[in-house]
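Data first, discussion second: the structure below is written as structure tokens.
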Amino acid sequence: MSSIRSTTIAAVASVVLAATLTGCQFGAADKAASPIVIAADLELSGAAAPIGQAYQRALDLKVRQLNASGALNGRRIDLRVKDNRSDASESLRNIGDFSKDDRVSAIIMGGCNACAIGAVGTINEKKIPTIALAAADAVASPVAERRYMFKLGPNAADSASALTSELRRKGVRKVGVVHSDDDYGREGLAALRREFANAGIRPPREASVRITDTDVSQAVRSATVGKPDALIIWTPPEQASLAATAAQQAGYAGSLYFDAGAAGDLFLGSAARATERATLIFTQTMVIDDVIATTPAKAARRQWFQDYTARFGGYNGASSFAADAVQLIADAELRAGSPDGRVDRDGIRDVLETSQLDGLSGPIRMTPDNHSGLMPQALTTLVARNGRWRLAG
């Protein structure tokens, strides 16, 4: 099968699946020649550039797929990207610029927690629907104060629950934690404490790192004092690799565990030896080549994995969140399209708030009471083997 044909099939399958689950019925009356303009505020330079660049690759690929699929009723997606330089102030300026352009249907924000949280006020004031790929709960909660803000990506409580279940299954009772000193890292630590208390696991020995730190060895040494059975690393992907290497160099002999926010590239590169047999909580799409495609949703995820890998030479776990954000916005725009062809941001917001999608990341459900759409059952257990992540078991 040619790469163009396979890309088109994947896009069609994704759109058909989304339409089936959301109950969309697009008729000829909804057709309009105007493009669906989606803006993206991403970390393309600065400390968070690796993840921002992965998101951009995913957005470009998904937009290309949808535009080639013929499933947009004669319309095309126009993606407009700005670099926030991993800086919340620059991100806020980008959001302000995007919101002034009445052709923009919605915004996708990258993985910067401070950027997303700092933009909530402007997003609500300008009434522009926004899907953030940042992980912190405070991005989309409380909903009453974030009516136009939505979130895709792992939730701290879900990651902590899955990690604790795995620790309990293996009989672990003594744990160290290295976490990022930001909203998501602090939320994760609090969630782990709650889960540990219920599971009979000792309170963890804790150490934090700033998200800009490039040397995390001191934090690793502090968290592994007393030789805990397991070390949980709750940081962005690049720091997770650094922490694993630091633990190996310090002679730590216990097990390594990573939360979902630490997921990055499929292949572990220079950290392969340090992470061998480590456990990661993440979505199944990261290792979908290990999974038999028994459902249309799994087939679509497998095709996405193959198309991304063929185009970019590797796979990044977070890419599916960006692709699902594009799908959700495109579906919402088509369903909310006003008769005069103008962008109906309130209509898009209302559709997003009740969206259901068996997405590339897994099951996604938005409700008026919950703007963080990734369902807990999207997460599974992965294990590092021979330099890459594999499905556990």
Sole residue being within 25 Å of Ser141 (Cα to Cα) and assigned to a helix (DSSP H, G or I), chosen from Ala197, Ala272, Ala219, Ala243: Ala197
Return the residues of the range 251-263 that are part of a loop (DSSP other than H, G, I, E, B), open to solvent by less than 60 Å² (accessible area, probe 1.4 Å) and either hydroxyl-bearing (Ser, Thr, Tyr) or on the phi < 0 side of the Ramachandran plot (or both); say none if nothing qualifies. Tyr252, Gly254, Asp259, Ala263
Of Ile211, Ile232, which residue is of a type outside the set (D, E, K, R), open to solvent by 30 Å² or more (accessible area, probe 1.4 Å) and either in contact with a Gly (Cβ under 6 Å, 6 or more places away or on another chain) or in contact (Cβ under 8 Å) with a residue 40 or more places away in the chain (or both)? Ile211
Can you find even one residue in the range 365-383 that is part of a helix (DSSP H, G or I) and either open to solvent by less than 60 Å² (accessible area, probe 1.4 Å) or touching a residue at least 40 places away in the same chain (Cβ under 8 Å) (or both)? yes
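Search the range 25-63 for residues being at pLDDT 90 or above and more than 21 Å from the chain's Cα centre (by Cα), and hand back the single one that is most open to solvent (accessible area, probe 1.4 Å).
Here the residue is Pro35.
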All conditions in (1) open to solvent by 20 Å² or more (accessible area, probe 1.4 Å); (2) within 27 Å of Leu379 (Cβ to Cβ); (3) among the hydroxyl-bearing types (Ser, Thr, Tyr); (4) without any contact (Cβ under 8 Å) to a residue 40 or more places away in the chain are true of Thr164 except (1)
Test result for Asp158, open to solvent by less than 50 Å² (accessible area, probe 1.4 Å) and more than 18 Å from Ala244 (Cα to Cα): yes
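Is there a residue in the range 75-87 that is assigned to a helix (DSSP H, G or I), open to solvent by 10 Å² or more (accessible area, probe 1.4 Å) and within 24 Å of Asn316 (Cα to Cα)?
Among the residues of the range 75-87, not one is assigned to a helix (DSSP H, G or I), open to solvent by 10 Å² or more (accessible area, probe 1.4 Å) and within 24 Å of Asn316 (Cα to Cα), which makes the answer no.
Could you pull out the residue among Val209, Val216, Val178 that is of a type in the set (Val, Ile, Thr) and within 29 Å of Gln377 (Cβ to Cβ)?
Values: Val209 fails: within 29 Å of Gln377 (Cβ to Cβ); Val216 fails: within 29 Å of Gln377 (Cβ to Cβ).
Being of a type in the set (Val, Ile, Thr) and within 29 Å of Gln377 (Cβ to Cβ) holds for just one of Val209, Val216, Val178, which is Val178.
I'd like the full set of residues that are assigned to a helix (DSSP H, G or I) and under 20 Å from Arg385 (Cβ atoms), limited to the range 283-314.
Taking the range 283-314 first, the residues assigned to a helix (DSSP H, G or I) are 284-290, 296-312.
Result: Gln284, Thr285, Met286, Val287, Ile288, Asp289, Asp290, Arg302, Phe305, Thr309.
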Within the range 256-275, which residues are in contact with a helix residue (DSSP H, G or I) (Cβ under 9 Å, 6 or more places away or on another chain) and touching a residue at least 40 places away in the same chain (Cβ under 8 Å)? Tyr257, Asp259, Ala260, Gly261, Ala263, Gly264, Asp265, Leu266, Leu268, Gly269, Thr275
Residue, farthest from Lys82 (Cα to Cα), within the range 122-150, restricted to residues that are assigned to a helix (DSSP H, G or I) and open to solvent by 50 Å² or more (accessible area, probe 1.4 Å): Ala144
Is it the case that Ile95 is modelled with pLDDT of 95 or more, assigned to a helix (DSSP H, G or I) and within 26 Å of Gly347 (Cβ to Cβ)? yes
Being crowded, with 18+ Cβ neighbours inside 10 Å, at pLDDT 95 or above and farther than 22 Å from Phe258 by Cβ narrows Ala336, Ala332 down to just Ala332
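The values are calculated or read from the model by the stated rules, or taken from the named source; none is laboratory data. Not measured: the values here are computed from a predicted model. Methodologically, a virtual Cβ is constructed for each residue, glycine included, from the backbone with ideal geometry; neighbour enumeration extends over all protein chains shown. The accessibility values were calculated without ligands, DNA or RNA, using every heavy atom of the protein model including side chains. Shrake-Rupley method; radii C 1.70, N 1.55, O 1.52, S 1.80 Å.
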